[in-house]
Amino acid sequence: MKPEPIWFQPPPPPSRPPAAPGRPAAPPVEVVIDGQRATVPGGSTILDACRARGVDIPTLCFLPTLTPVNVCRVCVVEVTGSRVLVPACSRRVEPGMTISTESERVRVSRRMVLELLASSVDLSTAPGLHDMMTRYGAQPERYGPAAVPAAAGARDRREPGHHQAPDGARAETVAQPVKVDNDLYIRDYSKCVLCYKCVEACGVDAQNTFAIAVAGRGFDARISTEADVPLPDSACVYCGNCIGVCPTGALMFKREHDMRAAGTWDESKQRTTDTICPYCGVGCTLSLHVQDNRIVKVTSPADVSVTGGHLCIKGRFGFTFVEPPGKDSD
Amino acid sequence: MQWAELWASLDVGSDIALANAIGREIIAAGLEHREFIENATTGFDDYRRGVEPYTLAYAERETGVPADVIRTMAHEYARAPRAMICWTLGITEHHNAVDNVLALVNLSLLTGHVGRYGSGLNPLRGQNNVQGGGDMGALPDRLPGFQHVENDEFRSKFDRAWGVAVPPERGWHLSQMFEAMERGDLRALYVIGENPLQSEADQNHARHLLEGLDFLVAQDLFLTKTAELAHVVLPASAAWCESEGTVTNSERRVQRVRKAIEAPAGSRDDLTILFDLARRLGRNWGRPDAETIWNEVRRLSPMHAGMSYARLEKHGGLQWPCYDEEHPGELFLHSRLWERPLRGPRVAFVPVEHDPPVDRLDAEFPLRLTTGRRLDEYNTGVQSSAYHSPLRRGESLDVSPEDADRYGLSEGEVVRVRSRRGAVEVPVRLDEGLRPGLTFMTLHFPDDVATNVLTIDATDPKSGTAEFKATAIRIERLGV
């Protein structure tokens, strides 16, 4: 028998399990949150500090896995001595900071943001926003009935520059036809609140593909591929990480979109089971959303260490091999 | 490559020449980690002598990588506070696969880039449970937990637990099985979840051997080409969504897979099939239950002992080794090498020599073909062909623009690709990412283009892996 000195017997374990090196913690900071004195970890954001103490601040464009872009202004709070409201998601605590999370000024600002969004965007598949609107008494209908939707591609062709002031009788909207240009996912920019999450996930925060960015200015701003080409002509690699972070259903599995259109989408009949992707060795967690013994959508939990909720095209869309051939309508 | 600071675009199969030259340069510049070498390794002097002939000039000639790029790589790697070497099948699908890996191991020993947070050697696994398969003893010489079958102490533990005498000799790996078929020593084969007819190198030869078997059983989700040949097909359910169990990913993390949907009528999960088979063979193993079997693994494999289902659930998986229910699992391996005095045996440098691919390039077969995967596809396409990928464009022979010019090829033109073993017809695609002389194909569409008709079954004597990465080909224009 040939001896195999290196691996015949396993080596002894280390005297203690290896661990990541600790990071030096910044000294704690004294602040006042809604009139209460608090000692919070140095370097934390106002949002982290408040949420750790059970103070709820609503967010829209914020996700723990993405770099804050401060665009939605829903998380703004009042900081004594600051001329303007500050975004809690990215502003870091400073010694002696006095923070008001629900002052009248904060509430008015949040209500206004939500009303402007709700009057111009279709929020029918964004349940989280409805709760927020109730909380702040938002009344988007005061802007009047919705203006006529844009024709396909019309908003994408708008050029920067001065626009005619509207007459105020109708609420200007981002309504436009759904973009369906591939078999995997659809883009319904009538539902887009321009939170930038998809752009961040496509870019440096997850995929590094940079297939999409924000084009245009002001009310014409929209998410666009380069030169507004259809997805199959763009740099898109169909990881669907944009779908994973979209808070409004503007980006959606085509299967879900088709089922909603057919009236067969029924979340009360759906069950979600976590398992592991059947493809490569990374071991991403797949949350399989199953309705009537059929996988109707795949998501991934953001709190799993392996990929933080991000997937690739195979993990997100490559599940149909467990379905009977020919039944796959999409 | 788009994101790399340095791209060493080497000739396929010249990895050892490159690694040894890096090692030589590190030593020449005095950048080796002397404390680590002295206290945790053996054989450094032999290694130093072994890499002495691998000068930068020699390596540039053998690998095609400019000498200054190799020099920069050597210095940056040695000086980096943390450095990791990651590889996939480009290192291991060669006739000298194990030597390729050893050449990289030598570099990590030379620089102390092993056993520390953020440093190390990382063979990235290509399938969701290829790590777990080996961990569970699906290797010819190992019982579960990498316990060597020829070690009496380990084997007798399994003898007692299972009430049978485990054969004391190692078995055959895949390539040895095909050799045994050729000799007539292997007459029956039971294939679970693999499609060797289309995934083996030198496909015409593999088909001939499989067709010659007395008895072939295929257990699979699909009637694969291998299953079509089988005498008995056992329809299986999908392990990842139609049954319970665990898989182990590339970072040694044991993870739970769960049943989300009911399997199609007539198919059964792998456990039930195996339990039923045991029953027909006269052994009653009781009720097939994934957790019961996992707990048996925990009793017999010390490195899995601490991983109860409850803990796997709670921690989102655990990385082996995990010796008891208090153990957090090991974030990285080999940290013992940094304890002073050293815990356990030293690690040996193993000098290795450059040996170019078996399928030599010559005037008749002047181009190198290497095979691999594309993002949206997977292996022989059994799983991935079902979904409608917008990225899918079918099989192609990818060539550099320079070679396209040289042979007068245009995008989309169907050509005949011939190797010393066979020929296939396939459309040409231009790829600026390829260097002149190098071409690329996949095995994703074997029913359209049987790429493995071309590949060589020259295998590594230690690992049994075939040299899928290095085939000598020529391109024949049709109708010219």
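Worth a mention:
- Residues of the stretch B:39-68 with amide N under 11 Å of a point placed 7 Å along Cα→Cβ from B:His75: B:68
- Between A:Thr98 and A:Val32, A:Thr80, the built amide H atoms are under 5 Å apart, and every one of these is 5 or more places off in sequence or on another chain.
- Point-to-point label distance, A:Lys269-B:Glu353, nm (Cα→Cβ direction, 7 Å offset): 7.0
- The stretch A:172-322 - Debye-derived log10 I(q)/I(0), Cα point model, q = 0.13, 0.14 Å⁻¹: -0.60, -0.70
- Shielding by partners, peptide B:331-341 (average Cβ within 10 angstrom, other chains): 3
- Taking the square roots of five times each eigenvalue of the Cα gyration tensor of the stretch A:27-145, the equivalent ellipsoid has semi-axes of 28, 15, 11 Å, listed largest first.
- Heavy-atom accessible surface of the stretch A:180-330: percent carbon and sulfur, 1.4 Å: 52
- If the chain linking A:Asp292 and A:Arg107 were pulled fully straight, counting 0.36 nm for each residue of separation and taking away their Cα-Cα distance, it would gain 62.3 nm.
- Peptide B:313-324 is shielded by partner chain Cβ atoms: per residue, an average of 2 of them sit within 10 Å of its Cβ.
- Summary of packing: across the peptides A:157-166, B:463-472, A:105-114, the per-residue average of other C-beta atoms within 10 Å ranks them, highest first, as B:463-472, A:105-114, A:157-166.
- Computed FRET value (nearest 0.05) for A:Val148 with A:Glu94, which takes r as the C-beta separation and R₀ as 51 Å: 0.60
- Evaluating kT/(6 pi eta Rh) at 25 °C and 0.890 mPa s, with the Kirkwood radius of the stretch B:15-124 over Cα pairs in the Stokes-Einstein relation, gives 175 µm² s⁻¹.
- Ratio of Rg to Rh for the stretch B:228-360: 1.12 [Cα atoms; Kirkwood radius as inverse mean 1/r over pairs].
- Where B meets A: accessible area buried, both sides, 1.4 Å probe, Å²: 4700
- Over 39 Å [Cα-Cα, chain A], rounded percent: 25
- Three-way shape label, chain B, alpha-carbon gyration tensor, a/c 1.5: oblate
- Antiparallel content of DSSP bridges confined to the stretch B:367-477, in %, to 5: 65
- Cα gyration tensor shape of the stretch B:437-480, rounded if a/c is under 1.5, else prolate or oblate by comparing a/b with b/c: prolate
- Other residues lying with their Cβ under 11 Å from the Cβ of B:Asp99 contribute a combined charge of -3, Lys and Arg counting +1, Asp and Glu -1.
- At R0 = 22 Å, FRET efficiency that the Cβ-Cβ distance of B:Leu6 and B:Asp431 yields, to 0.05: 0.60
- For the stretch B:454-469 versus the stretch B:376-433, the inter-centroid distance based on Cα atoms is 22 Å.
- An oblate overall shape is assigned to the stretch B:97-205, the ratio a/c of its alpha-carbon gyration tensor axes (a ≥ b ≥ c) being 1.5 or greater and a/b not exceeding b/c.
- Only protein atoms count toward the accessible area here, which uses a 1.4 Å probe; on the stretch A:27-145, the carbon and sulfur part of that area reaches 54 percent.
- Cβ-derived FRET efficiency at R0 25 Å, A:Phe210 paired with A:Arg157, nearest 0.05: 0.65
- Under 14 Å, Cβ to Cβ, from B:Phe468 - net charge with Lys/Arg +1 and Asp/Glu -1: -3
- Other protein chain Cβ atoms within 10 Å, averaged over every residue that makes up B:247-257: 5
- Surface per residue (accessible, 1.4 Å probe) for the protein assembly as shown, Å²: 47
- Ligands, DNA and RNA left out, the 1.4 Å accessible surface of chain B is 52% carbon and sulfur atoms.
- Distant alpha-carbon pairs in the protein assembly as shown (separation over 41 angstrom), percent: 44
- Accessible area of B:Ile273 (1.4 Å probe, protein heavy atoms only, ligands and nucleic acids ignored): about 10 Å².
The values are calculated or read from the model by the stated rules, or taken from the named source; none is laboratory data. Please read all numbers here as calculations on a predicted model, not as lab measurements. Note that we place each Cβ from the backbone using ideal geometry, even for glycine, and neighbour counts take in every protein chain shown. Areas reflect the complete protein model, heavy atoms only, side chains present, ligands, DNA and RNA absent. Shrake-Rupley method; radii C 1.70, N 1.55, O 1.52, S 1.80 Å.
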